[in-house]
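Below: one structure, written as structure tokens.
All of the numbers you see were taken from the coordinates with simple rules; none came from a lab. Please read all numbers here as calculations on a predicted model, not as lab measurements. We place every Cβ from the backbone using ideal geometry, glycine too, and count neighbours over all the protein chains shown.
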Ligand code: ARG
């Protein structure tokens, strides 16, 4: 049920000569306070047409508008405020949810066209940072949002597995490393070697030369270099996969930077054939002055290609492979300049699809005031953060519900879910700091709060012994507490669409929090299990809430345990 549409139609009957139906619909507002009604129509726009003041217009047309949906109208200055017939709206909305279940809110905007989403993309031999976590969970949520509105998302992990740093790493490993140590704690050990390389190179610059040499060897396919690189890559991926498994996230492609090694010639040829390359002290660049950007560096004087070159190759590859409708890059805002350059070079090369490339930036998160990877010089792995969250969740479950079966599984769903939810509930561009204690709380605007609310709603349904409703029934509710829940359910399609248009998972997270809050107020004030004329409708509202909360959580990549 789209009550805005129905109210717009009622208004249109009076205003068909002045405004289009869609114009009326766009003008409708949602009043900030419930005592100003459910929908409001401002008349300012009509003042010119009618040559009257808006308040007068509201008086004139207000009285003649009628619809079976309207319970009451109030004219307040230039506004016509409508109060809806709650019984009709609630029945229509609940019918939809109980019959559509998790398909409720689906839209067909995308017509199944492809949308590659570049996400996560950590660098080999380094710990995954909080930024990579953000990219992973925001990318995953966007993929779910795009699927919900009818696109086919393709999750791509563009692993940072190529570049001069691998020459340095090989050098350091050969000097100071051992197979045993790398096997024991791959990421920590590889990072130690890398850090040591830079420390020693400060006093002994010849080391840098050695590093360059080993990278050249790697590029030329030297057996020892390739073997070490392959091994480091594998060990790193194994570590990253531990995090992905815990987040329940998988990728459709893990073609990283190295995948494009044999596709760089094409990029250089293409730019050459379009006369875009110029030389700057032996390096090849694309001038981007007319875009107010620094030149894009495509090839160094020694023939080495760069991050940008690999991204150009990747963009072309993705266009050819997926013929995308949009191509997203979920990467921190510190790389905005890089993506502006990428788009500018593609635009210069006359690819009109450069406009379909969207960098989705996000802000920086810190834990306890510090960046994740370096605490007192020691590395804090993302995995340890998830384990800390797991343990805190377990502790709370032990206190609240010691007899719960599968406590460990639920603690993982709650702990990991808490970290993910917290990451997604803030506008993605915000910078913020978090402490694990605040994230894993069962009260407040947290993931566990939403999960807990849903589990409670599930237990009500259990007690009542219902799992399903016949959608041909009427579910008429008119109390103010139900109404707040019904309105949030009714808005769901708009919420999904806004999240999609703004590339903003926090819109879904906020919907989940508001729905959980409205449901808890309902449950505190309305006796659901008492015998009452409205009992079935109330239970249908409970069921609808469990469905939509679960769908919100699923989109965010958070599990919804039935008991906790
Ligand atoms: N590996 C890069 C980093 O950690 C992110 C890669 C983002 N994706 C891309 N196509 N450039 O900074």
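Calculated over region 135-281, the projected area of the Cα convex hull averaged across directions stands at 12.4 nm². When only Cα pairs below 8 angstrom with a gap of at least 6 residues are kept, the chain shows a relative contact order of 16 percent. The long axis of helix 336-348 is offset from the longest Cα principal axis of the chain by roughly 80 degrees. Relative to the dominant Cα principal axis of the chain, helix 86-100 is inclined by about 40°. Separation of region 474-528 from region 309-349 is 37 Å, based on Cα centroids. Over 23 Å apart: what share of the alpha carbon pairs of region 429-564 falls there, rounded to a whole percent? That fraction is 35 percent.
From helices alone, the chain scores -17500 deg cm²/dmol at 222 nm; the rule is -39500 (n - 2.57) for each run of n ≥ 4 DSSP H residues, then divide by the residue total.
Computed from the C-beta positions of residue 253 and residue 107, the FRET efficiency with R₀ = 30 Å rounds to 0.70. Placing a pseudo-label 7 Å from each Cα along the Cα-to-Cβ vector at residue 87 and residue 366 gives an inter-label distance of 5.8 nm.
Please express the Cα-Cα pair-distance distribution P(r) of region 65-109 as a list of whole percents, one per 5 Å bin, running from 0 to the bin with the greatest distance. Here the calculated profile for region 65-109 is 5, 18, 18, 16, 14, 13, 11, 5, 1.
Between the Cα long axis of helix 480-490 and the first principal axis of the chain there is an angle of about 50°, rounded to the nearest 10. Once the Kirkwood radius over Cα pairs is known for the chain, the Stokes-Einstein relation at 25 °C and 0.890 mPa s delivers a diffusion coefficient of 91 µm²/s. Pull out a ≥ b ≥ c, the square roots of the eigenvalues of the alpha-carbon gyration tensor of region 473-528, then state rounded if a/c is under 1.5, prolate if not and a/b is larger than b/c, and oblate in the remaining case. Taking the square roots of the gyration eigenvalues as a ≥ b ≥ c, region 473-528 is oblate. When only alpha carbons of region 326-427 are considered, Rg and Dmax amount to 20.1, 65 Å.
What FRET efficiency comes out for the pair residue 64/residue 464, r = Cβ-Cβ distance, R0 = 56 Å, nearest 0.05? The pair residue 64/residue 464 has a calculated efficiency of 0.80. Here the scattering of region 252-393 is modelled by Debye summation over its C-alpha atoms, one equal scatterer each and no solvent; at q = 0.14, 0.16 Å⁻¹ the log10 of I(q)/I(0) is -0.77, -0.91. Relative protection proxy for 417-428, 324-335, from highest mean packing down: 417-428, 324-335 (other beta-carbon atoms within 10 angstrom).
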